[in-house]
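Quick notes on the structure that follows.
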Amino acid sequence: MGEATIEAYYLEDRTFPPSDEFRRNALVSDDALHKEAEADWEGFWAGQARELVTWFKDFDTVLEWDLPFAKWFIGGTLNVSYNCLDRHVEAGRGDKVAYHWEGEPGDTRTITYADLLDEVSRFANVLKSLGVQKGDRVAIYLPMIPELPVAMLACARIGAPHSVVFGGFSADALRGRIIDAEAKVLITADGGWRRGSAVPLKVSADEALEGTSTIEHVVVVRRTEEDVPFTEGRDRWYDELMRDADGDCPPEHMDAEDLLYLLYTSGTTAKPKGIMHTTGGYLTHAAFTHKYVFDLHPDTDVYWCGADIGWVTGHSYIVYGPLANGATSVIYEGSPDTPGKDRLWAIAEKYGVTILYTAPTAIRTFMKWGTEFPESHDLSKLRVLGSVGEPINPEAWVWYWQHIGGARCPVVDTWWQTETGGIMISPLPGVTTLKPGSATFPLPGIGAEVVDEQGNKIERGGGYLTLTRPWPGMLRGIYGDPERYKQTYWSRFEGRYFAGDGCKIDDDGYFWLLGRIDDVMNISGHRVSTTEVESALVDDQNVAEAAVVGAKDETTGQAIIAYVTLRGSVEPSDDRGEQLREHVAKKIGKFGRPKTIIFTDDLPKTRSGKIMRRLLKDVAEGRDLGDTTTLADPAVVDEIKKRAQQSPQED
């Protein structure tokens, strides 16, 4: 048995079992699914594939595993667009709402499954008319508007893998992804709305296309109605192309292992990786996890995932999982504080949202703003809350449970990655006793273990999170670079997928994610996770959010530098900083005390809500900043640099 590799200090002993009422109505209220999967995990996934997915031709082989390359449901044919749309319409559910869409300026659309099928079929024919054939790659660079899922589903319908590029990415990022995928068509918009301003996407798209050679056509959606440059012969308006398009487009019969999409990792430290997801296994995994993790009742639930479709969360849990399950979802275009800080709660009340899935960074922002904003709206229809993106601090978990969920909604904290395709570690809300801050246990059919430096399994304590067997939604490789795939994910521990995340297991066997191992600090010989120090800081009632980095230190190897955002009207001071240092020392030990606490009104985050600790480390060590183009608000970093120069350090 291995020894703990990352030391685990933060203790959380509060527990929240499912209520009797929730358990009574839950899809799963016992351990039957886990037992079924433990008895025969390949058979378990085959059963889910046949129950949740409609196949044109049934598969004859469940899994072919030639480590590290997997093929699932071999011999089967299907179409993802058909599974998301046609089969619901054919079953008489065409009038059911697929999406309630809300634009930031307040414009809305209600889109039924029949509406969506019609628009997707017409746009699929538009793509064909532009020369797109099965196997051609299509780049998509759009804001959060209905045309984004339409474009994805149209690509899936004709068998053209899509590469969605997040609308907040720069022209350089878009260019690199177009070149790597050798995309044939680009779908973009004149712009999108963000905090009351028009974001000029077409201008960035034109800049990105300089130096590319494969794009033959650019389709432009009218959104902001701003004047944009137009290249005759290459650029076409979406609405004009759609006007005469045929509404009948039979779905291509795709092999289970045909490529569905590419999604590039952000590439902050190296060339972005084109993660490959295929058809049958991915759809099975997305549909299964969406149904059971959120206890989905499609006839009565209104589901809202607050992510951007440009990230994998949006692919799996705004588009493919919910539509495959026939769910009604909410999509919102803009910022949560426009026109006011209650915008999300107003939308949740308006559409009667019952399931909400969002990021810990968003939750901590809501904490900072205060409880008056959610309290001004009726959120009584909520029944399940979800968390995604990075480990959630226990205090943020409890705040979410109490102030958003009314102390009645289970919180499903989910761990997964772009590479996994779908959720891997998560509670099942009708079964699992919850612990704030813990993703709890691997889902049925998933093999996960924590190991030490040598790859030995750890039963208790901290180490490295690994996956021990293939799963249907797993990446099939890095586009055009199988050797990098092997080296990146399968070389550190023999026979295991290594996720790059630290994790600890407590005395009850619960999994607690500790963030990226790159973020583990070495303090006087102690291997300390940034997540644990951040959780200790946020445990203080005055703190809304904290980010911690390790900076070089001659005495201790690394010193802990903490960036702290206080709640509401709480004022920063030297005394407050010292009180927080003592609080951390009490929660996890004196070695965990930050050397410096820098109070800041905000933290540098991407528009997906992830804190860019790399930039905070640059500030702490006095380096020039790296790429800041993906930040939601680049001005935040300049303010933090100014505060850092003024902050006293502990001797």
> Quick one: is ALA585 farther than 16 Å from ILE640 by Cβ, surrounded by fewer than 23 Cβ atoms within 10 Å (Cβ to Cβ) and free of Cβ contacts under 8 Å to residues at least 12 places away in the same chain?
Replying inline: yes
> Which of the residues belonging to the range 589-611 are free of Cβ contacts under 8 Å to residues at least 60 places away in the same chain, of a type in the set (Ser, Thr, Tyr) and assigned to a strand (DSSP E or B)?
Replying inline: THR596
>> Out of TRP72, TRP65, I need the residue that is touching a Gly at 6+ places or on another chain (Cβ under 8 Å), touching a residue at least 12 places away in the same chain (Cβ under 8 Å) and more than 17 Å from SER329 (Cα to Cα). Which one?
In response: TRP72
> Checking ALA362 against (1) within 15 Å of the chain's Cα centre (by Cα); (2) farther than 22 Å from ASN25 by Cα; (3) surrounded by 22 or more Cβ atoms within 10 Å (Cβ to Cβ); (4) not assigned by TED's automatic domain parsing to the domain that holds SER426, which single condition isn't satisfied?
Replying inline: (3)
> If you go through the range 193-206, how many residues are surrounded by 24 or more Cβ atoms within 10 Å (Cβ to Cβ) and either aromatic (Phe, Trp, Tyr) or within 15 Å of MET144 (Cβ to Cβ) (or both)?
Replying inline: 1
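Yes or no, residue by residue, for (1) among the β-branched types (Val, Ile, Thr); (2) in the same structural domain as GLU51 (by TED's automatic domain parsing); (3) in contact (Cβ under 8 Å) with a residue 60 or more places away in the chain; (4) under 22 Å from LEU63 (Cα atoms):
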position: HIS277; (1), (2), (3), (4): no, yes, yes, yes
position: ALA286; (1), (2), (3), (4): no, yes, yes, yes
position: THR289; (1), (2), (3), (4): yes, yes, yes, yes
position: THR313; (1), (2), (3), (4): yes, yes, yes, no
position: GLY321; (1), (2), (3), (4): no, yes, yes, yes
>> If a residue must be in contact (Cβ under 8 Å) with a residue 60 or more places away in the chain, out of contact with any strand residue (DSSP E or B) (no Cβ under 7 Å at 6 or more places or on another chain) and over 27 Å from HIS297 (Cβ atoms), how many such residues does the range 334-364 contain?
In response: 3
>> I'd like the full set of residues that are under 26 Å from ARG476 (Cα atoms) and either in contact with a Lys or Arg (Cβ under 9 Å, 6 or more places away or on another chain) or modelled with pLDDT under 95 (or both), limited to the range 179-211.
In response: ASP180, ALA181, GLU182, ALA183, LYS184, VAL185
>> For GLN541, only one of the following conditions fails: (1) part of a loop (DSSP other than H, G, I, E, B); (2) at pLDDT below 95; (3) over 21 Å from ASP13 (Cβ atoms). What is its number?
In response: (3)
> Taking the range 365-399, which residues are polar (S, T, N, Q) and under 21 Å from the mean Cα position of the chain (by Cα)?
Replying inline: THR365, SER387, ASN393
> Of the residues PHE493, PHE498, which is modelled with pLDDT of 90 or more, in a strand (DSSP E or B) and in the same structural domain as THR440 (by TED's automatic domain parsing)?
Replying inline: PHE498
>> Can you confirm whether THR531 is at pLDDT 95 or above and either outside the structural domain of ASP66 (by TED's automatic domain parsing) or buried (at least 22 other Cβ atoms within 10 Å of the Cβ) (or both)?
In response: no
> Taking the range 551-588, which residues are part of a loop (DSSP other than H, G, I, E, B) and either touching a Phe, Trp or Tyr at 6+ places or on another chain (Cβ under 6 Å) or polar (S, T, N, Q) (or both)?
Replying inline: THR555, THR556, SER569, PRO572, SER573
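For residues that are surrounded by fewer than 22 Cβ atoms within 10 Å (Cβ to Cβ) and out of contact with any Phe, Trp or Tyr (no Cβ under 8 Å at 6 or more places or on another chain), scanning just the range 589-598, find the one that is modelled with the lowest pLDDT.
So the residue we want is PHE591.
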>> Anything in the range 47-92 that is more than 15 Å from GLU252 (Cα to Cα) and either in a helix (DSSP H, G or I) or among the basic types (Lys, Arg) (or both)? List them, or say none.
In response: GLY47, GLN48, ALA49, ARG50, GLU51, LEU52, LYS71, HIS88, VAL89, GLU90
> Can you tell me which residues in the range 451-483 are over 22 Å from the mean Cα position of the chain (by Cα) and crowded, with 21+ Cβ neighbours inside 10 Å?
Replying inline: VAL451, ILE458, GLY462, GLY463
> Is it true that some residue in the range 392-403 is under 25 Å from HIS34 (Cα atoms), small (Gly, Ala, Ser) and touching a residue at least 40 places away in the same chain (Cβ under 8 Å)?
Replying inline: no
> So which strands (runs of 3 or more DSSP E) stay within the range 93-161 end to end and still have 3 or more residues that are in the same structural domain as VAL330 (by TED's automatic domain parsing), under 30 Å from ALA348 (Cβ atoms) and in contact with a His (Cβ under 9 Å, 6 or more places away or on another chain)?
Replying inline: 108-112
>> Go through (1) buried (at least 23 other Cβ atoms within 10 Å of the Cβ); (2) not assigned by TED's automatic domain parsing to the domain that holds TYR82 for TRP345 and report which single condition fails.
In response: (1)
> In the range 525-535, is there at least one residue being without any contact (Cβ under 8 Å) to a residue 24 or more places away in the chain, part of a strand (DSSP E or B) and of a type outside the set (Lys, Arg)?
Replying inline: no
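The values are calculated or read from the model by the stated rules, or taken from the named source; none is laboratory data. In this text the structure is predicted, and so the values were computed from the model without any measurement. Backbone-built Cβ (ideal geometry, glycine too); neighbour counts: all protein chains shown.
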